[in-house]
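Here's the structure, in C-alpha cells; my notes come after.
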Amino acid sequence: MASTDSLEDNAAFAKKNNASFPILSDSERQVSRAYGVLGSTGFARRWTYYIDKDGVILHIDKTVSPRTAGIDLVRRLKMLNVDVINAEAVNAGAH
C-alpha cells in the first residue's frame with residue numbers, strides 16, 4: 001500500500017488499525033506520479049497494481065473498494081494463477 005501521507009501519519013494509521021501489511025509513505029508523491037495514480041487533489045487514487053516477480057505489470061485494478069479490497073485481491077491473484085497462501089485468512093479478515 002502506498003499513501004501520500006507523512007511517515008508519522010502512516011505509522012499512526014498502522015498502529016491504530018493493527019495493519020499487518022507495509023505502507024509506503026510517498027509524501028513527496030514520486031511513486032504516485034510514476035504509477036499515474038496522483039490525483040489533481042494531490043492524493044493517490046486507490047488502484048491496485050499486480051506485478052509479477054520479474055516486474056511485469058499483469059493487471060491494474062482501477063475500481064478498488066476498501067470494503068472488498070482483500071477479497072477482490074485474492075480473487076484476482078487466483079485469476080492470474082498466482083499461488084495464494086493464506087487466502088482463507090485474508091477472506092476471514094474481510095468480513
Restricting attention to segment 35-52, which residues are aromatic (Phe, Trp, Tyr) and either more than 11 Å from the chain's Cα centre (by Cα) or not in a loop (DSSP other than H, G, I, E, B) (or both)?
Tyr35, Phe43, Tyr49, Tyr50
Candidate set: segment 73-95, residues that are among the charged types (D, E, K, R) and out of contact with any strand residue (DSSP E or B) (no Cβ under 7 Å at 6 or more places or on another chain); chosen: the one modelled with the lowest pLDDT
Glu88
Within segment 7-26, how many residues are free of Cβ contacts under 8 Å to residues at least 24 places away in the same chain, surrounded by 12 or more Cβ atoms within 10 Å (Cβ to Cβ) and assigned to a loop (DSSP other than H, G, I, E, B)?
2
If the Cβ limit is 7 Å and pairs must be 6+ apart or interchain, which residue in segment 42-60 that is among the acidic types (Asp, Glu) pairs with which residue that is part of a strand (DSSP E or B)?
Asp52/Leu58
Identity of the residue in segment 34-64, out of contact with any Ser or Thr (no Cβ under 7 Å at 6 or more places or on another chain) and under 22 Å from Ala11 (Cα atoms), that ends up surrounded by the most Cβ atoms within 10 Å (Cβ to Cβ):
Val37
Taking the residues in segment 53-67 that are assigned to a loop (DSSP other than H, G, I, E, B) and aliphatic (A, V, I, L, M) as candidates, determine which candidate is farthest from Asn81 (Cα to Cα).
Val64
Being surrounded by 11 or more Cβ atoms within 10 Å (Cβ to Cβ) and modelled with pLDDT of 95 or more: is that true of Arg29 here?
yes
Residue pairs within 6 Å by beta carbon, gap of at least six or interchain, first lying in segment 71-95 and closer than 15 Å to Ile51 by Cβ and surrounded by 16 or more Cβ atoms within 10 Å (Cβ to Cβ), second at pLDDT 70 or above and not polar (S, T, N, Q), listed first then second, are Leu77/Val84
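The values are calculated or read from the model by the stated rules, or taken from the named source; none is laboratory data. Given the structure is predicted, the values throughout are model-derived calculations rather than measurements. Because the Cβ atoms are built from the backbone with ideal geometry, glycine has one as well, and the counts that use them run over all protein chains shown.
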